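Participant: The structure that follows is given in the form of structure tokens.
The values are calculated or read from the model by the stated rules, or taken from the named source; none is laboratory data. Predicted model only: the values in this text are computed from it and were never measured. Cβ: placed from backbone, ideal geometry, glycine included. Neighbour counts: every protein chain shown. Surface accessibility is based on the protein's heavy atoms, side chains included, excluding ligands, DNA and RNA. Shrake-Rupley method; radii C 1.70, N 1.55, O 1.52, S 1.80 Å.
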Amino acid sequence: MVSRRTALLVGLGAIVAACTGRSPSAALGSPSPSAASDTTPTASSVATPACVATPAETEGPYFVDERLNRSDITTDSSTGSKRNGVPLDLTFQVARVSSSGCTSLGGAQVDVWHCDAAGVYSDVAAQSTVGQRFLRGYQLTGADGVARFATIYPGWYAGRTVHIHFKVRTYTRATKTYEFSSQLFFDDALTDAVYKAAPYSSRPTRDTRNQTDMVYTSNGNSGSVLLVKAAPSGAGYAATFAIGLNF
């Protein structure tokens, strides 16, 4: 018998699929060499409370499929220079939601990209950073559905609240079988505290907060369930975000 909680999660998963606005298997280019191998997801048991359907959000204009397989994304792979900022250890726990419950999603490719402390994205013509490759990278989830990244607390740019983009894709050999894009957000009070320190403090006060951000407030204020709960860790912060996908 399907529990009421499982039924609710599946229903939310259907909303996730509807919010993507495109077929989950829409082509986006060929996979990286490591992703091109058979990465059909493996499954292991995941605690139901950790399996929550995740709202999709726009990919945005700055996704570049760099195929950078790395967990530490703070370095510009083209120059070896490191991006300055408050350290952020970010862990994704990816699970699949179905009528039978929740299982970890192993072998999934998780891409992360975001701006630096100055609000600049790498490898973007409009920002004169073509050829630079900082704060971008991907990891494949293990059998436990976990992918980890070492990065920095993101900066801000005009018209957007503070956020990190992520994308989850699955492949069976060279064929992409699923794609999901969304964004993570941060508590405004935490951002205010972080931005009191260099290099963030040298910039003007940001012009957009969560409740005035067009993405955060879309889909019924979906940003409220995409908030990262970051805790102090060493010289920076650490956060774990659970993702539940229905497909």
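Participant: Exactly one condition in (1) within 21 Å of Val194 (Cα to Cα); (2) surrounded by 23 or more Cβ atoms within 10 Å (Cβ to Cβ); (3) touching a strand residue (DSSP E or B) at 6+ places or on another chain (Cβ under 6 Å) is not met by Thr91; state its number.
Facilitator: Every listed condition holds for Thr91 apart from (2).
Participant: Report yes if Cys115 is outside any loop (DSSP other than H, G, I, E, B), surrounded by 23 or more Cβ atoms within 10 Å (Cβ to Cβ) and not charged (D, E, K, R), otherwise no.
Facilitator: It is false that Cys115 is outside any loop (DSSP other than H, G, I, E, B), surrounded by 23 or more Cβ atoms within 10 Å (Cβ to Cβ) and not charged (D, E, K, R).
Participant: What are the residues in the range 146-162 that are more than 15 Å from Asp89 (Cα to Cα), open to solvent by less than 10 Å² (accessible area, probe 1.4 Å) and not hydroxyl-bearing (Ser, Thr, Tyr), if any?
Facilitator: If the condition is that a residue be more than 15 Å from Asp89 (Cα to Cα), open to solvent by less than 10 Å² (accessible area, probe 1.4 Å) and not hydroxyl-bearing (Ser, Thr, Tyr), then Gly155, Val162 are the ones that fit.
Participant: May I ask you to list pairs of residues, at least six apart or on different chains, whose Cβ atoms are under 9 Å apart, with the first in the range 96-118 being farther than 20 Å from Gly60 by Cβ and in contact (Cβ under 8 Å) with a residue 60 or more places away in the chain and the second being acidic (Asp, Glu) and surrounded by fewer than 21 Cβ atoms within 10 Å (Cβ to Cβ)?
Facilitator: Ser104/Asp144; Gly106/Asp144; Gly107/Asp38
Participant: For the range 194-233, enumerate the residues that are modelled with pLDDT under 95 and assigned to a loop (DSSP other than H, G, I, E, B).
Facilitator: Lys229, the sole residue that qualifies.
Participant: Hey, another quick one. Among the candidates Gly159, Gly155, which residue alone is more than 18 Å from Leu245 (Cβ to Cβ), small (Gly, Ala, Ser), touching a helix residue (DSSP H, G or I) at 6+ places or on another chain (Cβ under 8 Å) and part of a loop (DSSP other than H, G, I, E, B)?
Facilitator: On inspection, the qualifying residue turns out to be Gly155.
Participant: For Val146, state whether it is more than 23 Å from Gly60 (Cβ to Cβ), hydrophobic (A, V, I, L, M, F, W, C) and modelled with pLDDT of 95 or more.
Facilitator: yes
Participant: Does the range 41-96 hold any residues that are of a type in the set (A, V, I, L, M, F, W, C) and at pLDDT 90 or above, and which are they?
Facilitator: Ala56, Phe63, Val64, Leu68, Ile73, Val86, Leu88, Leu90, Phe92, Val94, Ala95 - these are the residues of the range 41-96 that are of a type in the set (A, V, I, L, M, F, W, C) and at pLDDT 90 or above.
Participant: Right, here's the next one. Scan the range 198-218 and give yes if some residue there is surrounded by fewer than 16 Cβ atoms within 10 Å (Cβ to Cβ) and under 30 Å from Thr103 (Cβ atoms), otherwise no.
Facilitator: Yes, the range 198-218 contains a residue that is surrounded by fewer than 16 Cβ atoms within 10 Å (Cβ to Cβ) and under 30 Å from Thr103 (Cβ atoms).
Participant: Of the conditions (1) within 20 Å of the chain's Cα centre (by Cα); (2) at pLDDT below 95; (3) surrounded by fewer than 16 Cβ atoms within 10 Å (Cβ to Cβ), Ala174 fails just one. Which one is it?
Facilitator: Result: Ala174 fails condition (1) only.
Participant: Right, something else. If I filter the range 126-140 down to residues being assigned to a strand (DSSP E or B) and surrounded by fewer than 24 Cβ atoms within 10 Å (Cβ to Cβ), which single residue comes out as farthest from the chain's Cα centre (by Cα)?
Facilitator: Once the filter is applied, the top-ranked residue is Leu140.
A quick yes/no check of all residues on (1) over 16 Å from the mean Cα position of the chain (by Cα); (2) farther than 21 Å from Leu68 by Cβ; (3) among the aromatic types (Phe, Trp, Tyr); (4) open to solvent by 10 Å² or more (accessible area, probe 1.4 Å):
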{"position": "Ala108", "(1), (2), (3), (4)": "no, no, no, no"}
{"position": "Ser122", "(1), (2), (3), (4)": "yes, no, no, no"}
{"position": "Gly142", "(1), (2), (3), (4)": "yes, no, no, yes"}
{"position": "Ser182", "(1), (2), (3), (4)": "no, no, no, no"}
{"position": "Thr191", "(1), (2), (3), (4)": "yes, yes, no, no"}
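Participant: Kindly indicate which of Asp123, Asp188 is within 21 Å of Met214 (Cα to Cα) and acidic (Asp, Glu).
Facilitator: Only one candidate qualifies: Asp188.
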